[in-house]
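Here is the structure we will look at.
The values are calculated or read from the model by the stated rules, or taken from the named source; none is laboratory data. Quantities reported herein were computed from a predicted structural model and do not represent experimental measurements. A quick note on method: Cβ atoms are made from the backbone with ideal geometry, for glycine too, and the neighbour counts reach across all protein chains shown. To get the accessible areas, we keep the full protein, side chains included, count just its heavy atoms, and leave off ligands, DNA and RNA. Shrake-Rupley method; radii C 1.70, N 1.55, O 1.52, S 1.80 Å.
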Amino acid sequence: MEMVSYDEDPEFSMVYENFSEVSDRKAAVKSPSAEDKKGTAAEPDTGVKICRLVAVGLGLMCIIQAALNISLRLAHFSLNNSLTEERDECKKINLGIEARFRNLTEERDELYRTVYDTTVIIQNLTKERNELKRMLNDSTQQVWVSFNGSFYYVSSTKKTWQDSRNDCLQRGADLMIINSQEEQNFARRFRKYMWVGLNDKQTEGRWEWVNGNAMTTSYWSEGEPNGGRRENCGNVKNFEYDYSWNDEDCSTSLFWVCEKKTFP
Ligand code: 2F8
Ligand code: CA
């Protein structure tokens, strides 16, 4: 470059100087001198920069890790609290269920007792009803038949000789006393194996009627009486025959026939 001196004009001189500085800097960039090279070694080089970047990155990662840890711990704490609350709520519900279960068990046991009591009551009432039915049946079937100045009633159930007699007495009558062939034939017409008012309970072999009279005329079946001390009560057994009487154990349950005098 041609060097022109403008020393006479200070304005131009300044331009020149400035231009000269620019030119010098360009020259310094284009070809660094040895001193320049020394100055560059004091600046951080690329490796250092990378190291710094890595350090900053690691720092950031540590911060992120710490933040994650804290948030995880907070989440864990919150979840733990929530689970504890749920557990306590479940415990309360369970206590309620247990109490309800106890109540239901007691109610069930009480119902069992009631059912048992009711069953017993029903059984007793059923027995009473059957007894009443039987009594009603007896009373409606109380047909008294008139014959030769007496009324006769034949039972539809069976009793021992003594219970049979008691039944007749309750009806204002007594077991039948057979005094004649006609009355014997009349008794046979009931066609029932039944107690009559005859016994030898007091003295073996001495047969008497329930009115205390000794038996004078008898209608024993063939071979009877044969029971000795075991058979002390008399009945009409073989009603198909004229001679139909039998002696038998007084505790045997048989039908019976009551007699009530029309005009006692
Ligand atoms: O009728 C004959 C005979 O029949 C039974 O004995 C097998 C009677 N005894 C009883 O029923 C318990 C007898 O009294 C009776 O003589
Ligand atoms: Ca006999």
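Filtering the range 142-178 to residues that are of a type in the set (S, T, N, Q) and over 58 Å from the mean Cα position of the chain (by Cα) leaves Ser146, Asn148, Ser150. Those residues that are more than 8 Å from ligand 1 (Cβ to nearest atom) and not aromatic (Phe, Trp, Tyr), I need them from the range 214-229; list them, please. Within the range 214-229, Ala214, Met215, Thr216, Thr217, Ser218, Glu222, Gly228, Arg229 qualify.
The set of residues from the range 199-226 being open to solvent by less than 50 Å² (accessible area, probe 1.4 Å), within 26 Å of Ser156 (Cβ to Cβ) and away from ligand 2 (no atom under 12 Å from the Cβ) comprises Asn199, Trp209, Val210, Tyr219. Is there a residue being touching a residue at least 24 places away in the same chain (Cβ under 8 Å), within 16 Å of ligand 1 (Cβ to nearest atom) and open to solvent by 20 Å² or more (accessible area, probe 1.4 Å) anywhere in the range 167-190? Checked the range 167-190: at least one residue is touching a residue at least 24 places away in the same chain (Cβ under 8 Å), within 16 Å of ligand 1 (Cβ to nearest atom) and open to solvent by 20 Å² or more (accessible area, probe 1.4 Å).
All conditions but one from (1) surrounded by fewer than 17 Cβ atoms within 10 Å (Cβ to Cβ); (2) more than 13 Å from ligand 2 (Cβ to nearest atom) apply to Arg229; the one that does not is (2).
When the range 232-264 is filtered for residues that are within 13 Å of ligand 2 (Cβ to nearest atom) and outside any loop (DSSP other than H, G, I, E, B), the ones remaining, listed by number, are Cys233, Gly234, Asn235, Val236, Trp245, Asn246, Asp247, Glu248, Leu254.
Of all residues in the range 140-166, those that are open to solvent by 60 Å² or more (accessible area, probe 1.4 Å) and in a helix (DSSP H, G or I) total 4.
Scanning the range 118-173 for residues that are farther than 17 Å from Ala187 by Cβ and among the β-branched types (Val, Ile, Thr) returns Thr118, Thr119, Val120, Ile121, Ile122, Thr126, Thr140, Thr157, Thr160.
Mind telling me which of the residues Asn211, Asn246 ends up being within 14 Å of ligand 1 (Cβ to nearest atom) and in contact (Cβ under 8 Å) with a residue 12 or more places away in the chain? Step by step, each of Asn211, Asn246 is checked, and only Asn246 is within 14 Å of ligand 1 (Cβ to nearest atom) and in contact (Cβ under 8 Å) with a residue 12 or more places away in the chain.
Among the listed residues Glu182, Glu107, identify the single one that is modelled with pLDDT of 95 or more and over 53 Å from the mean Cα position of the chain (by Cα).
Glu182
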